[in-house]
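The values are calculated or read from the model by the stated rules, or taken from the named source; none is laboratory data. Since this is a predicted model, take the numbers as computed values, not measurements. Quick reminder, even Gly has a Cβ in these numbers, built from the backbone with ideal geometry, and neighbours come from all protein chains shown.
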Amino acid sequence: MKSLKNNHKHLFFILLLVTLIPSTIIAQTSTGIGLKGGLNYNANGDYFESIGTNAQHPDRNIGYHIGLFGKIGNRVYFKPEVVYTSTKSDYNNDTFKMQKIDAPLLVGLKVLGPISVFGGPAIQYILDTEYNGISINDVENEFSVGLNFGIGLNFNSVGIDLRYERGFNNNEATFLNDNNIGTSRLDTRPDQLILSLSLLL
């Protein structure tokens, strides 16, 4: 009787392994498309109220992002993304807001279990900018390029990653200051930490 119980335990253990191993393999070799979203802890570049004034450094603020991604490969993978991003930076009592489309082109490497590291260029297209409630139309480059790199955890079809993004070059917006007697300049280049939750479909 005891031997029969042990056999049942062994059979149950074998069935459990047979069930878990394929799902683990699928999780490790997943290729497809998915949805992602999360929070951005952002600061843009310096603000100069007029020529000759000292730079105002921004305080970081929380924004958000939502978008799509693709994933190709297993241990080494390619992960292109298209993401709508909304960010805010505070300068003294004023706020600079920006909406943009980001397109990171990432290459990743699985290093240990569910842990991977990744990095690559990120193309951004600025949709709209606003300083202190006033829309800014004169941005030097609507298209610009930056760098993304970070670390991710993937469990089955769910992933979470933390990355840093930085623009390569200054990308200034110019506009009349509050007194309408001079031109203000603000560097729209992103400098942010990005926390994302993703779901592979």
Can you give me the number of residues within the stretch 118-163 that are loosely packed, with under 14 Cβ neighbours inside 10 Å and among the hydroxyl-bearing types (Ser, Thr, Tyr)?
2
Report, by residue number, each residue of the stretch 32-70 that is at pLDDT below 80 and either more than 28 Å from THR129 (Cα to Cα) or of a type in the set (Val, Ile, Thr) (or both).
ILE51, THR53
Does GLY113 satisfy being within 23 Å of LEU199 (Cα to Cα) and loosely packed, with under 15 Cβ neighbours inside 10 Å?
yes
Just one of the numbered conditions (1) charged (D, E, K, R); (2) surrounded by 20 or more Cβ atoms within 10 Å (Cβ to Cβ); (3) farther than 21 Å from GLY37 by Cβ is not true of GLU81; which one?
(3)
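How many residues, within the stretch 160-192, are modelled with pLDDT under 95 and closer than 21 Å to THR85 by Cβ? Please lay out each step first, then the result.
Within the stretch 160-192, the subset modelled with pLDDT under 95 is 165-192.
From the residues that got through so far, the ones that are closer than 21 Å to THR85 by Cβ too are 165-173, 186-192.
The qualifying residues number 16.
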With the checklist (1) touching a residue at least 24 places away in the same chain (Cβ under 8 Å); (2) more than 18 Å from LYS36 (Cβ to Cβ) in hand, flag the one item LEU153 doesn't pass.
(2)
Subset of the stretch 103-126 (residues that are of a type outside the set (A, V, I, L, M, F, W, C), within 21 Å of ASN42 (Cα to Cα), modelled with pLDDT of 95 or more and out of contact with any Leu (no Cβ under 7 Å at 6 or more places or on another chain)):
PRO104
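Would the stretch 75-85 turn up any residue that is over 21 Å from SER116 (Cα atoms) and at pLDDT below 95?
Within the stretch 75-85, the first condition is being over 21 Å from SER116 (Cα atoms), and the residues that meet it are 84-85.
Now drop any that are not at pLDDT below 95, which leaves none.
Checked the stretch 75-85: no residue is over 21 Å from SER116 (Cα atoms) and at pLDDT below 95.
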Conditions (1) out of contact with any Ser or Thr (no Cβ under 9 Å at 6 or more places or on another chain); (2) surrounded by 16 or more Cβ atoms within 10 Å (Cβ to Cβ); (3) within 29 Å of ASN156 (Cβ to Cβ) -> TYR91 fails only (3)
Quick check: is even one residue across the stretch 66-87 of a type in the set (A, V, I, L, M, F, W, C), more than 18 Å from LEU197 (Cα to Cα) and not in a strand (DSSP E or B)?
no
